[in-house]
There are 2 protein chains.
Amino acid sequence: METTTTHQGDQQRSADQRRRELLEAADRVVLRDGPQASMNAIAAEAGITKPILYRHFGDKSGLYRALAKRHTDGLLAALRAAIDASSDRRERVEHTLDTYLAAIEARPQVYRFLMHPAEDSHQSEQGFDVGRHTAPLLRRLGEELGKVIAERVDLGPGGGELARIWAHGIVGMMHGAGDWWLGERPCSRAQLVRSLADLLWGGLSVAEDRPGSPGF
Amino acid sequence: METTTTHQGDQQRSADQRRRELLEAADRVVLRDGPQASMNAIAAEAGITKPILYRHFGDKSGLYRALAKRHTDGLLAALRAAIDASSDRRERVEHTLDTYLAAIEARPQVYRFLMHPAEDSHQSEQGFDVGRHTAPLLRRLGEELGKVIAERVDLGPGGGELARIWAHGIVGMMHGAGDWWLGERPCSRAQLVRSLADLLWGGLSVAEDRPGSPGF
DNA sequence: GACTGCGGTTACCGGTAGTAACATGCGTGC
DNA sequence: GCACGCATGTTACTACCGGTAACCGCAGTC
């Protein structure tokens, strides 16, 4: 079975390359048609037909997962760099927020695809995974940020748990505010970054009550 | 055309009632099958066939919007009550967080449906609404909370903008952390509420650096 | 020259959203 | 009494989706 080693190698290399080509074609279609790009459309863009896609990626969610992994890895790398770019904690937070917002601003279609990678088939039949609504991207961001917080900030005993909670909260805040901002553009990116950092710095707790506000 | 007033009224009333019945049937199916409940299944549950559904609701997203409105209204009412239930601001925030989390904990299927009401067809053809990924529920929650903050907390000049930013950030935090918590259940609800409130109260800014952490 | 493996195709399956066209029962005008 | 709207309901269809089975043709090998 070793008589065709070099040929096997060629085949392997060309298969990987083919896969990369297909992913790039899929990328173009998703960028154009959004998250509901069809397998037919992707195959057509790649100049082939459906069954080949299925041979390479198994099913639609497989293709989408491969596609999402590429972009997610890129965004994660950018965020890690932002976290390490400065030494002051406040600056660090602002840089991270700004990097995320700049990314979703620059390529909103990609961002949208990452958040809704496919409504994803008919997974577990029973109970259909009650949680798990959030995109994998946000989970990964939360876990990564949780690690960073846990290892750099002293939160006392049980700080690991707390770090994860805060991390997922912060990621959610970033996502929620970012999505709203992207839709309405009510202010500049810098303004949004500063405001969110202020919020995290306890802005809500130190502000004064409104004169006529009830109860306070 | 006024000769049939009473009859018209009867028709109208019965049409509204029919609509309500259909929504209840749809509710049962969505609760059972999740967000990808089909129109056929809903029609069958209601004891009728598809075209009637379409006559009442236009299309699938119309039905889903009507369904979502009901639940959203309910949740919003509960949250408003929570906001008004106490006078201390910190308590208010904790009550609000807890009410939201209790709701998604009690009926995760409904929650999940509200967050993914239908991946929503092929709306605007071109550009497909770059933002607008977030569920309408979250938008509404953000706007409502923004109003409450703006009218009760004195944020100085331009405070209205800031209130909206903070509101959408807080809602995002609640949603992100809540979704993660619902999936992994890493701690009690009370613990999560306290931790998130601590985060909003500036916990991240006042914590000490870890001894060996780089840069700080 | 027959054989085999692999990239590629056509043609299909089951199920989805959505629609057209036909049927049927009820109250009203003449 | 009877034809007319008119709303309610049905069956039967289109068009498309994800996914698959079966076949086709061409490399390279024995």
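Okay, residues lined up against (1) within 12 Å of DNA strand D (Cβ to nearest atom); (2) away from chain B (no Cβ under 14 Å):
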position: A:20; (1), (2): no, yes
position: A:31; (1), (2): no, no
position: A:35; (1), (2): yes, no
position: A:57; (1), (2): yes, yes
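How about the range A:50-64: which of its residues are more than 16 Å from DNA strand C (Cβ to nearest atom) and surrounded by fewer than 18 Cβ atoms within 10 Å (Cβ to Cβ)?
A:62
Limited to the range B:37-49, what total is found for residues that are more than 9 Å from DNA strand D (Cβ to nearest atom), surrounded by 14 or more Cβ atoms within 10 Å (Cβ to Cβ) and either over 18 Å from residue B:113 (Cβ atoms) or hydroxyl-bearing (Ser, Thr, Tyr) (or both)?
Within the range B:37-49, residues that are more than 9 Å from DNA strand D (Cβ to nearest atom), surrounded by 14 or more Cβ atoms within 10 Å (Cβ to Cβ) and either over 18 Å from residue B:113 (Cβ atoms) or hydroxyl-bearing (Ser, Thr, Tyr) (or both) number 1.
To keep it simple, each residue is scored yes or no on (1) among the basic types (Lys, Arg); (2) in contact with a helix residue (DSSP H, G or I) (Cβ under 9 Å, 6 or more places away or on another chain); (3) in a helix (DSSP H, G or I); (4) more than 7 Å from chain A (Cβ to nearest Cβ).
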residue: B:165; (1), (2), (3), (4): no, yes, yes, no
residue: B:168; (1), (2), (3), (4): no, yes, yes, no
residue: B:172; (1), (2), (3), (4): no, yes, yes, no
residue: B:179; (1), (2), (3), (4): no, yes, yes, no
residue: B:187; (1), (2), (3), (4): no, yes, no, no
residue: B:190; (1), (2), (3), (4): no, yes, yes, yes
residue: B:198; (1), (2), (3), (4): no, yes, yes, yes
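Which one of the conditions (1) more than 16 Å from DNA strand D (Cβ to nearest atom); (2) touching a residue at least 12 places away in the same chain (Cβ under 8 Å); (3) more than 13 Å from every other protein chain (Cβ to nearest Cβ) does residue B:83 fail to meet, given that it meets all the rest?
(3)
Right, residue A:209: under 16 Å from residue B:164 (Cα atoms), in contact with a helix residue (DSSP H, G or I) (Cβ under 8 Å, 6 or more places away or on another chain) and acidic (Asp, Glu) or not?
For residue A:209, the condition - under 16 Å from residue B:164 (Cα atoms), in contact with a helix residue (DSSP H, G or I) (Cβ under 8 Å, 6 or more places away or on another chain) and acidic (Asp, Glu) - is not met.
Any residue at all in the range B:75-85 that's in contact with a His (Cβ under 6 Å, 6 or more places away or on another chain), modelled with pLDDT under 95 and not in a helix (DSSP H, G or I)?
Within the range B:75-85 (the criterion being in contact with a His (Cβ under 6 Å, 6 or more places away or on another chain), modelled with pLDDT under 95 and not in a helix (DSSP H, G or I)), the answer is yes, since at least one residue qualifies.
Yes or no: residue B:9 more than 18 Å from residue B:114 (Cα to Cα), at pLDDT 90 or above and small (Gly, Ala, Ser)?
no
Considering every residue within the range A:163-181, establish whether at least one is in the same structural domain as residue A:107 (by TED's automatic domain parsing), aliphatic (A, V, I, L, M) and more than 19 Å from the chain's Cα centre (by Cα).
Yes, there is a match, as at least one residue in the range A:163-181 is in the same structural domain as residue A:107 (by TED's automatic domain parsing), aliphatic (A, V, I, L, M) and more than 19 Å from the chain's Cα centre (by Cα).
Within 29 Å of residue A:62 (Cβ to Cβ) and either touching a strand residue (DSSP E or B) at 6+ places or on another chain (Cβ under 7 Å) or modelled with pLDDT under 95 (or both): which single residue out of A:184, A:143, A:125 fits that description?
A:125
The values are calculated or read from the model by the stated rules, or taken from the named source; none is laboratory data. If you're wondering where the values come from, they're calculated on a predicted model, not measured in any experiment. Because the Cβ atoms are built from the backbone with ideal geometry, glycine has one as well, and the counts that use them run over all protein chains shown.
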